[in-house]
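Every number in this text was worked out from the coordinates using simple rules, so none of it is lab data. All of these numbers come straight from a predicted model, not from anything done at the bench. Positions of Cβ are backbone-derived with ideal geometry, glycine not excepted, and every protein chain shown enters the neighbour counts.
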Amino acid sequence: MSMTRIKTAGAILLLLGLAAACDEPRNRMTDTKTVALEGATRAEVGLHMGAGELRLRAAEQAALLEASFEFNRERNRPEVNYRLLGEKGVLDVRHARRHGINFGSSRNRWDLILGQAVPIDLRIDLGAGHSDLDLRGLKLERVEIDMGVGEVNLDLRGPHAAGFRVKIDGGVGSAKLALPAEVGVRVKVDGGLGSINARGLTKRAGAYVNDAYGQSPITIDVDIDAGVGSLDLTCEPSPQIKI
């Protein structure tokens, strides 16, 4: 993580502190969106969130996305766009590109449910806030996360029928990763100005690996460019394994 990004993250934290000292959130508004696959056999999903709270999980559903949003400023109403490129569906969820700075307290909460029907290439860009990313049950092809500022909880436990890569660009705050024990896991951490706790993994040749690594035909490779804060890695059996 570059010093420029660290300075930028520090500035965001300062702005958040100033905002918290102002008025309480009001004018609560909500919105919902449903995005159908429209025949897509795989999907590319991009989630681009500024300051706020993100909750992401998976479910058995016909739609690619079921979403609910809560916000207290019209300028923070998210934009949801979907298009087909051949057999691939491309989904983009983001805060609208509007100029200016929100003064006072801002309420932004995304509650997103992704369908389990098709393989997904997932990219998540986070600003500042708290994120719970429960990816259990998704057919993941790749996961990329830009953490931003705040706390991220990422659950990558199974079931998994195929391996995939995960890339995390650490920000300022803390990250907690729940990893499966039934398939091979290798976590490589670069940089960082903070602490690393690893449970259920051992350090080997510059990376953290679990007991199934090298024994399982499936491998999850995780590359983390750590930021400023703490990183917690936990490898444990996945609940209700059905592959």
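What to note about this one:
- Number of Lys pairs (Cα under 29 Å; 8 or more positions apart or on different chains) in the stretch 3-236: 19
- Highest to lowest packing among 32-45, 74-87, 173-186, 119-132, scored as the average C-beta count within 10 Å: 173-186, 119-132, 32-45, 74-87
- Residue list for the stretch 166-185, given a label point 7 angstrom along the Cα-to-Cβ vector of Asn197 and an amide N cut-off under 20 Å: 170-181
- With R₀ fixed at 30 Å, the C-beta to C-beta distance from Arg142 to Arg109 puts the FRET efficiency at about 0.70.
- Net charge, Thr202 excluded, C-beta distance under 14 Å - Lys, Arg +1, Asp, Glu -1: +4
- Label-to-label distance, nm, for residues given as Asp31 and Lys167 (7 Å Cα→Cβ offset): 3.0
- Anisotropy class of the stretch 110-243 from Cα gyration tensor, a/c 1.5 cut: oblate
- Label point of Asp232 set 7 angstrom out along Cα-Cβ; within the stretch 130-167, amide nitrogens under 19 Å from it belong to 130-136, 147-158.
- Seen through its C-alpha gyration tensor, with square-root eigenvalues sorted a ≥ b ≥ c, the stretch 3-236 comes out oblate because a/c lies at 1.5 or above while a/b is not bigger than b/c.
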